[in-house]
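Participant: The structure's right below; bear with me while I get my questions together.
The values are calculated or read from the model by the stated rules, or taken from the named source; none is laboratory data. Remember, predicted model here, so these are calculated numbers, not experimental data. Every residue, glycine among them, receives a Cβ derived from its backbone with ideal geometry; neighbour counts consider all protein chains shown.
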Amino acid sequence: MALKPQSLSASKRGRIGTSLSEINVTPFIDVMLVLLVIFMVTAPLMQSGIGVNLPQAETQSAPAEEGLTITVTKDRFIHLDGAVININLLERKLQEYFAGKPKKIVFIQADEGLNYGFFIDTLDIIKKAGVEAVGLVTEPIDLQSPRRKK
């Protein structure tokens, strides 16, 4: 005697597909919460910048949106677009960056402990590359700061 599909009752045929239609979302929510915590912990660590001790000035100056920012550290490292550039390659990199751009504006963030001669050499190379305007980025003077010199 073989079991025929007609022999199944109507109630049993309706229950066959319904047991798999519900998805348990609790493990999915647990995984998403763990990922959220991991991203919340690691996101502030990814925002590290270049450690530069900017000089203080009474007037506040910050780079505009349209210029290129060059950072020069106390150890004479020149940072351009997130990469360290040798001073001998700086002029060529600037010429490549500003090729075809109408405005050639550079902002320099130089450490206040940087040798003045090296700063002038860097500024001279920037001017030789055809840069029209050079801005210097400073921090505003904090009256409570012990760094203020008179």
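Participant: Test each condition in (1) at pLDDT 70 or above; (2) under 30 Å from Thr138 (Cα atoms); (3) among the aliphatic types (A, V, I, L, M); (4) assigned to a helix (DSSP H, G or I) for Met40 and report the one that comes out false.
Facilitator: Every listed condition holds for Met40 apart from (2).
Participant: Of the residues Glu66, Glu96, only one is surrounded by fewer than 11 Cβ atoms within 10 Å (Cβ to Cβ), within 17 Å of Val131 (Cα to Cα), modelled with pLDDT of 90 or more and among the charged types (D, E, K, R); which?
Facilitator: After applying the criteria, what remains is Glu96.
Participant: Select from the range 85-124 the residues that are in contact with a Leu (Cβ under 9 Å, 6 or more places away or on another chain) and either over 13 Å from Val72 (Cα atoms) or of a type in the set (Lys, Arg) (or both) and list them in ascending order.
Facilitator: Scanning the range 85-124 gives Lys93, Leu94, Tyr97, Phe98, Lys104, Ile105.
Participant: Next question, about the same structure. Residue check: is Ile120 at pLDDT 90 or above and in a strand (DSSP E or B)?
Facilitator: No: the conditions fail for Ile120.
Participant: Further, regarding this structure: When you look at Gln60, is it at pLDDT below 90, in contact with a Lys or Arg (Cβ under 7 Å, 6 or more places away or on another chain), surrounded by 10 or more Cβ atoms within 10 Å (Cβ to Cβ) and closer than 18 Å to Leu136 by Cβ, yes or no?
Facilitator: In short, no.
Participant: Mind telling me which of the residues Gly113, Gly100 ends up being part of a loop (DSSP other than H, G, I, E, B), of a type outside the set (Val, Ile, Thr) and in contact (Cβ under 8 Å) with a residue 60 or more places away in the chain?
Facilitator: So the residue among Gly113, Gly100 that is part of a loop (DSSP other than H, G, I, E, B), of a type outside the set (Val, Ile, Thr) and in contact (Cβ under 8 Å) with a residue 60 or more places away in the chain is Gly113.
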